[in-house]
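Student: Next up is a structure, given as structure tokens.
The values are calculated or read from the model by the stated rules, or taken from the named source; none is laboratory data. Worth saying up front: this structure is predicted, and the values here are computed from it rather than measured. Every residue, glycine as well, gets a Cβ built from its backbone with ideal geometry; the counts of neighbours run over all protein chains shown. The area values use the complete protein model at the heavy-atom level, side chains included, leaving out ligands, DNA and RNA. Shrake-Rupley method; radii C 1.70, N 1.55, O 1.52, S 1.80 Å.
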Amino acid sequence: MAIQQAQIANVRRETPNGWHFKWAGFDITGRALAVAAGCVLAFLYIPIVTLIVFSFNSNPITRLPLTGWTFDWYEKAFTNSNLLAALGNSLLIAAAAVVICLAIGVPTAFALDRYQFPGKVFFRRLVLLPITLPGLITGISMLNFFSMMDVSLSLLTVMVGHGTALTAIVVTNVYARLQRFDRRIEEASSDLGARPWQTFIKVTLPNIRNAIIGSSLISFTLSFDEIPVTFFLTGRDNTLPMYIWSTIRRGITPEINAIGSVIVGVSIILLLVSVFIMSDPVKKAGTGR
Amino acid sequence: MANIVEIHNVSKTFGSVRAVEDVSLEIEEGEFMTILGPSGCGKTTTLRMIGGFEYPDRGRVLLGGEDVTDLPPYKRPVNMMFQDFALFPHMTVAQNIGYGLHIAGLSKSDTAKQVDEALRTIELSHKAASRPAELSIGQKQRVALARALVRRPQVLLLDEPMSALDAQLRGAMQVELKHLHEQIGLTFIMVTHDQTEALVMSDRVTVMDQGEIVQIGTPTELYDHPASPYVANFLGTSNILVATVREIISGTIVTDYGPNMIRAAATGKTPAVGARVMLSIRPEKLRLLAQDAIVPEDVNRLEGVISEQFFHGDSVRLSLDIGGDTPLVIHHQLSSSQGQGELPPAGQTVNIAVDPSSVTLFEDIADHEPEYRA
């Protein structure tokens, strides 16, 4: 394997006129790629960096030049009870939405993968529909539904709303994983004496774990910053995006920058954790032979 | 000896495809039985019904005299080595091997002890903590074998165990598996499409075609006395000739094939004079004669023109036109005293001899096209 790769690398180096241009000793292709990559990264991350920088800026107005270094905005953000309540609500809703998505999505994915039933294709498309619908439509229709059923709006209705809108994400991810799943390892487990539930827990679940964790994280994130559906379905309670949105109408305050920076930080940590958890155990163990 | 596995009139249909049709099979304890056939002949389905992975539409499956037709795989005292091995990718080699023991509720220390022993036997102790993806194909196969054997099943099922191996490893593994079978005395049931594998390893071979059993017998029986042209062609190679019966003289059937006369020893039923029959002659049963050689009166002596020579290293295959529809292929073993250069060249007329007992005659020519596979 290693030898093969080395050979390929050699071939590449030996054909400078192929697609590796060199000029006066400089690898122009490599340089150009680096510059392009830099531009893309800048395009993606400069706004976020700006947000973080201004969260530490002492001037209460978000404007250059920077006036000085301060932690005040963080202190203010974390003593603002309205903001903290909204943050708590958002976390709660996102967590509940994930639970709903998994509870409905995982069994649905199994049903789609393993059982034949009339109208299966139709059902599969139908399950995926909510993800393509604008949140506005989902929000309005669920609002109609809840008022028709005489359900008063609360965080609970928001959770249900997010759950229905995001179930499709779990279904698609888990279903795609199941399609690639080698059913013979389940047969091997059964052959070695495992009852169906043991096979499910010890063999099936560990092999689709990544799809479940991955889709949970996506659902969590999407629920966390969701506005349209929340807007229609929340009662008196506020979520973080709704709170930020309502505050921002009076101008961007550094406090918002601060809470935004915290969320960015947490997101990066979550990302690292998920990369660690989801990294294929097979690959993680190395490629020695 | 007692039958450890009995299959009674089992049939299985997948949608509109008849995979297995009224198959009955008895396998003795300690036997190495191979089910042989081309892909789609129903051999794997038969094996999977013994393992419990397919439920037969009709018929019963008995293990150790007990009806297990309705039992799921996890309640059957058999273990299977899967094609491509089906190792658990998320577990280490040791965990893979120990899985069956762990499930059976064995203590951690007992499991570890048995796994260690198994790892030593397959000489993979140093890979205990590796994942299957880090193993070579041959190592994977040994792990799969150890995993299937660690539960001490009554029968080991092997689904195309060599198909993933390259030719060289395959030969070595055939010998290794045969030795293992002799050592532990366990009943092995193997499915393969490779006739060499079946001949080399098995005590008995069941040949299947289109969901039905065509013939059951020891490798020698099948090779020397194939029940049909299909078996003759599937096990080894055979010259299949369509000839006409001229007369029947005291246990010998005399037929005409082109200008040549070929006699076949009668076995059981005798065809009518003038009937079209199929003759099967193994290429290695045909002897090239020296020009002036004298053969006994009761041995077939045929004359033909060499049309082609195929060099196989230790042997030469000669294609010989003896005036019939199909050329005759002769397997000629080269020896230290005779190299390829001393053979008669293409275009030369030669004489060959074949014993009537080496000519197998089939009365029924309707269902099998004559076909020669080099």
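Student: What residue, among those in the stretch A:176-186 that are open to solvent by less than 40 Å² (accessible area, probe 1.4 Å) and part of a helix (DSSP H, G or I), is farthest from the other protein chains (Cβ to nearest Cβ)? Lay out the reasoning, then the answer.
Tutor: First, pick out the residues of the stretch A:176-186 that are open to solvent by less than 40 Å² (accessible area, probe 1.4 Å): A:178, A:181, A:185-186.
From what is left, the residues that are part of a helix (DSSP H, G or I) are A:178, A:185-186.
Numbers: A:178: 15, A:185: 5, A:186: 9 Å.
Per the criteria, the residue is A:178.
Student: Can residue A:102 be described as touching a residue at least 60 places away in the same chain (Cβ under 8 Å), open to solvent by less than 80 Å² (accessible area, probe 1.4 Å) and out of contact with any Leu (no Cβ under 6 Å at 6 or more places or on another chain)?
Tutor: Details: touching a residue at least 60 places away in the same chain (Cβ under 8 Å): yes; open to solvent by less than 80 Å² (accessible area, probe 1.4 Å): yes; out of contact with any Leu (no Cβ under 6 Å at 6 or more places or on another chain): yes.
Here the answer is yes, as residue A:102 does meet what is asked.
Student: Would you mind stating whether residue A:128 is assigned to a helix (DSSP H, G or I) and surrounded by fewer than 17 Cβ atoms within 10 Å (Cβ to Cβ)?
Tutor: Answer is yes for this residue.
Student: Among (1) of a type outside the set (Lys, Arg); (2) in contact with a helix residue (DSSP H, G or I) (Cβ under 7 Å, 6 or more places away or on another chain); (3) closer than 30 Å to residue B:10 by Cα, there is one condition residue B:240 misses while meeting the rest; what is its number?
Tutor: (3)
Student: Just to be sure, is residue B:329 β-branched (Val, Ile, Thr), surrounded by 13 or more Cβ atoms within 10 Å (Cβ to Cβ), more than 29 Å from the chain's Cα centre (by Cα) and under 27 Å from residue B:246 (Cβ atoms)?
Tutor: Here the answer is no, as residue B:329 does not meet what is asked.
Student: Now for a different question. Looking only at the stretch B:123-148, filter to residues that are of a type in the set (Lys, Arg) and in a helix (DSSP H, G or I); which one of those is nearest to the other protein chains (Cβ to nearest Cβ)?
Tutor: Step by step, filter the stretch B:123-148, then rank; the result is B:147.
Student: Determine which single condition residue B:190 fails, assuming it passes every other condition in (1) modelled with pLDDT of 90 or more; (2) within 14 Å of chain A (Cβ to nearest Cβ).
Tutor: (2)
Student: Further question: Scan the stretch A:222-233 and give yes if some residue there is surrounded by fewer than 21 Cβ atoms within 10 Å (Cβ to Cβ), within 14 Å of another protein chain (Cβ to nearest Cβ) and not aliphatic (A, V, I, L, M), otherwise no.
Tutor: No - not one qualifying residue is present in the stretch A:222-233.
Student: Continuing with the same structure: Which residue is nearest to the other protein chains (Cβ to nearest Cβ), if the candidates are limited to the stretch A:200-221 and must be among the small types (Gly, Ala, Ser) and within 26 Å of residue B:92 (Cα to Cα)?
Tutor: Top of the filtered list is A:211.
Student: Would you call residue B:151 charged (D, E, K, R), touching a Pro at 6+ places or on another chain (Cβ under 9 Å) and either without any contact (Cβ under 8 Å) to a residue 12 or more places away in the chain or within 28 Å of residue B:2 (Cβ to Cβ) (or both)? Write out each step before concluding.
Tutor: Details: charged (D, E, K, R): yes; touching a Pro at 6+ places or on another chain (Cβ under 9 Å): yes; either without any contact (Cβ under 8 Å) to a residue 12 or more places away in the chain or within 28 Å of residue B:2 (Cβ to Cβ) (or both): yes.
Yes.
Student: Return the residues of the stretch B:283-325 that are over 29 Å from the mean Cα position of the chain (by Cα) and of a type in the set (Val, Ile, Thr); say none if nothing qualifies.
Tutor: Across the stretch B:283-325, the qualifying residues are B:294, B:295, B:299, B:305, B:306, B:322.
Student: Which is at pLDDT below 90 and in contact with a Gly (Cβ under 9 Å, 6 or more places away or on another chain), of B:61, B:17, B:10?
Tutor: Unique residue meeting the criteria: B:17.
Student: Okay, next question. Helices (runs of 4 or more DSSP H) wholly in the stretch B:40-122 with at least 2 residues that are within 12 Å of chain A (Cβ to nearest Cβ) - which ones?
Tutor: Numbers: elements: B:43-51, B:93-103, B:108-121.
By residue number, B:43-51, B:93-103.
Student: Considering only residues that are assigned to a strand (DSSP E or B) and not aliphatic (A, V, I, L, M), look in the stretch B:192-220 and name the one that is surrounded by the fewest Cβ atoms within 10 Å (Cβ to Cβ). Let's see the steps before the verdict.
Tutor: The initial filter retains those residues of the stretch B:192-220 that are assigned to a strand (DSSP E or B), namely B:192, B:204-209, B:212-217.
So of that shortlist, the ones also not aliphatic (A, V, I, L, M) come out as B:192, B:204, B:206, B:209, B:212, B:215, B:217.
Working: B:192: 23, B:204: 19, B:206: 24, B:209: 19, B:212: 15, B:215: 20, B:217: 17.
Filtering the stretch B:192-220 for residues that are assigned to a strand (DSSP E or B) and not aliphatic (A, V, I, L, M), the one surrounded by the fewest Cβ atoms within 10 Å (Cβ to Cβ) comes out as B:212.
Student: Does the stretch B:1-16 include one or more residues that are within 14 Å of another protein chain (Cβ to nearest Cβ), more than 19 Å from residue B:210 (Cα to Cα) and not in a strand (DSSP E or B)?
Tutor: No: zero hits.
Student: When residues of the stretch B:15-42 are filtered for being open to solvent by less than 10 Å² (accessible area, probe 1.4 Å) and within 18 Å of the chain's Cα centre (by Cα), how many remain?
Tutor: Counting residues in the stretch B:15-42 that are open to solvent by less than 10 Å² (accessible area, probe 1.4 Å) and within 18 Å of the chain's Cα centre (by Cα) gives 11.
Student: Out of everything in the stretch A:189-199 that is open to solvent by less than 60 Å² (accessible area, probe 1.4 Å) and part of a helix (DSSP H, G or I), what residue ends up being nearest to residue B:89 (Cα to Cα)?
Tutor: A:189
Student: Could you please let me know if residue B:120 is of a type in the set (Lys, Arg), surrounded by 21 or more Cβ atoms within 10 Å (Cβ to Cβ) and on the phi < 0 side of the Ramachandran plot? Steps first, answer last, please.
Tutor: On the way: of a type in the set (Lys, Arg): yes; surrounded by 21 or more Cβ atoms within 10 Å (Cβ to Cβ): no; on the phi < 0 side of the Ramachandran plot: yes.
No.
Student: Oh, and also: Name the pairs: first residue in the stretch B:26-55 and within 18 Å of residue B:207 (Cβ to Cβ), second residue surrounded by 16 or more Cβ atoms within 10 Å (Cβ to Cβ) and among the aromatic types (Phe, Trp, Tyr), Cβ to Cβ under 9 Å, at least 6 apart or on different chains?
Tutor: B:31/B:188; B:32/B:188; B:33/B:188; B:34/B:188; B:36/B:234; B:37/B:234; B:38/B:234; B:47/B:53
Student: Search the stretch B:332-367 for residues being assigned to a loop (DSSP other than H, G, I, E, B) and open to solvent by less than 40 Å² (accessible area, probe 1.4 Å), and hand back the single one that is modelled with the highest pLDDT.
Tutor: So in the stretch B:332-367, the residues assigned to a loop (DSSP other than H, G, I, E, B) come out as B:334, B:336-337, B:339, B:343-348, B:355, B:363-367.
Still in the list and also open to solvent by less than 40 Å² (accessible area, probe 1.4 Å): B:334, B:339, B:343-344.
Values: B:334: 83, B:339: 65, B:343: 78, B:344: 80.
Only one residue fits best here, namely B:334.
Student: Counting just the residues of the stretch B:177-191 that are β-branched (Val, Ile, Thr) and touching a residue at least 60 places away in the same chain (Cβ under 8 Å), which one comes out surrounded by the fewest Cβ atoms within 10 Å (Cβ to Cβ)?
Tutor: Checked the stretch B:177-191; the qualifying residue surrounded by the fewest Cβ atoms within 10 Å (Cβ to Cβ) is B:187.
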